[in-house]
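The values are calculated or read from the model by the stated rules, or taken from the named source; none is laboratory data. Treat the numbers as computed from the prediction; the structure is a model and nothing was measured. Cβ sites come from the backbone with ideal geometry, for glycine too, and all protein chains shown count toward neighbours. All accessible areas refer to the heavy atoms of the entire protein, side chains included, with ligands and DNA or RNA removed. Shrake-Rupley method; radii C 1.70, N 1.55, O 1.52, S 1.80 Å.
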Amino acid sequence: MDKLTIRDVDVHGRRVFVRVDFNVPMEDGKITDDSRIRAAVPTIRHLLREGARVILASHLGRPRGKVSDALRLRPVAERLSQILGTDVRVTGDCLGAGTQDAVRRLKSGDLLLLENVRFHREEEANDPAFAKALASYADLFVNDAFGTAHRAHASTVGIAGFLPAYAGLLMEAEIRALSRLLEDPPRPFAAVLGGAKVSDKIKVVEHLLDRVDVFVVGGGMANTFLVAQGRTVGKSLLEAEMVDEARRILAVADQRGVRFVLPVDAVVAKEVTRGAEHKIVPAEKIPNSWSIVDIGPRSRVLFDEALAEARTILWNGPLGVFEIPVFGDGTRHMARLLAGRADAGATVVVGGGDSVAALDQLGLAGRMTHVSTGGGATLEFLEGLELPGIAVLQDRQPAPG
Ligand code: ADP
Ligand code: MG
């Protein structure tokens, strides 16, 4: 990796401002998924073990520059305390005399969590004075918030104008796994794409077109490609304005010898709701008043075959409306298939909130080579964009000679 990380710097006794992404899903004040907290733990443990004075900062939800008691980080601090086995304090605000004082009193190996940085509108505005105030707490800046790296905010980007900036271990793992896909994937390289809309993922498809050997496409986005091939999709989700673009992509893939695998059958339902009447039909016979809600059994076999030889597989986007369990067979099948492929030595990288949720439901996330913690950030990385929260990190000087 061409960025300096926390392993490249002596942090003993130094104050380290660590931007983490603790933006966890919550219901009634309870954390429903603590993956993002756990993902930041290797960096926190490393810094504490090396004797740093650690100041953690995160956003939670969208308070839009106002204090919101429901979006305080206290539940996060409690969860982190349990994981680390030490009491994690949260300040009342990320600015102010009380916080400055708490920072001053930190000893080597101590830890403090600043209150939600988005309680100040200056955070998202990347306000220089706000960034400078945050920077004043520390000697070093560490960005471990990969999930927020596509946003140029004060605590992800602005602060790096005042402090030397290093990648945390999660940031490093994300950059490594995702850049491997783009730069040097073991071949054959297959991308499995699904999810609702083509428009969300079209730039990823575009960027991967001259990198992958096989595309496997399911979910709602497959519908637009089916229509581009001259099929009809009934009442299914369709982005009519994207059909020409889909047709162009199919033509380019064909020209370059990239295999493009689409469903050959589908589960269709009268309504996209729980308990709706549903049946399996061939892709060329989607009934007019029905909607595609999943790939069918013949498609599952075809997708298996298309991925059988792959040594690298990227998966983003469920293959059906998996939130309704009867429409989740295709997605669950893909999750199990990829776990098996990873066990057999293939490099398997999964990104996307809903795809990762599907893996978690099956308890399969741990079997993958890498599960990305980013949603939008992962997609932008795969589009080939330079993420602002990564761009600000110090470059590693190339070794002499
Ligand atoms: P990710 O979060 O993994 O990137 P997306 O957010 O792009 O995935 O897409 C997930 C959504 O796509 C899910 O809510 C799922 O219900 C929906 N979806 C998948 N297949 C279909 C389909 N055939 N029709 C409508 N929606 C679909
Ligand atoms: Mg999603």
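At-a-glance table
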item: Filtered residues of the stretch 197-211 (kept if more than 15 Å from ligand 1 (Cβ to nearest atom) and open to solvent by 10 Å² or more (accessible area, probe 1.4 Å)); result: Glu206, His207, Asp210, Arg211
item: Boolean, Ala310 is assigned to a loop (DSSP other than H, G, I, E, B) and open to solvent by less than 70 Å² (accessible area, probe 1.4 Å); result: yes
item: Residue within the stretch 253-265 that is at pLDDT 95 or above and more than 28 Å from Val349 (Cβ to Cβ) present; result: no
item: Among (1) without any contact (Cβ under 8 Å) to a residue 40 or more places away in the chain; (2) of a type in the set (Val, Ile, Thr); (3) assigned to a helix (DSSP H, G or I) - the single one Ile249 does not satisfy; result: (1)
item: Set Leu238, Leu226, Leu193: member being within 13 Å of ligand 1 (Cβ to nearest atom), among the aliphatic types (A, V, I, L, M) and out of contact with any strand residue (DSSP E or B) (no Cβ under 9 Å at 6 or more places or on another chain); result: Leu238
item: Count - residues of the stretch 353-375 that are away from ligand 2 (no atom under 13 Å from the Cβ) and either assigned to a loop (DSSP other than H, G, I, E, B) or open to solvent by 30 Å² or more (accessible area, probe 1.4 Å) (or both); result: 11
item: Any hit, the stretch 171-180, residues being within 16 Å of ligand 1 (Cβ to nearest atom), open to solvent by less than 10 Å² (accessible area, probe 1.4 Å) and outside any helix (DSSP H, G or I); result: no
item: Test for Val321: is it open to solvent by 30 Å² or more (accessible area, probe 1.4 Å), outside any strand (DSSP E or B) and within 13 Å of ligand 2 (Cβ to nearest atom); result: yes
item: Residue list for the stretch 276-301, filter: open to solvent by 10 Å² or more (accessible area, probe 1.4 Å), more than 12 Å from Met334 (Cβ to Cβ) and assigned to a helix (DSSP H, G or I); result: Glu284, Lys285, Pro297, Arg298, Val301
item: Conditions (1) in contact with a His (Cβ under 9 Å, 6 or more places away or on another chain); (2) crowded, with 24+ Cβ neighbours inside 10 Å; number of the one not met by Gly194; result: (1)
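One line per residue, one yes/no per condition, for (1) within 8 Å of ligand 1 (Cβ to nearest atom); (2) assigned by TED's automatic domain parsing to the domain that holds Ala222; (3) in contact with a Ser or Thr (Cβ under 6 Å, 6 or more places away or on another chain); (4) hydrophobic (A, V, I, L, M, F, W, C):
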site	(1), (2), (3), (4)
Glu271	no, yes, no, no
Ile280	no, yes, no, yes
Trp290	no, yes, no, yes
Ile295	no, yes, no, yes
Arg298	no, yes, no, no
Phe322	yes, yes, yes, yes
Pro325	no, yes, no, no
Arg367	no, no, no, no
Phe381	no, no, no, yes
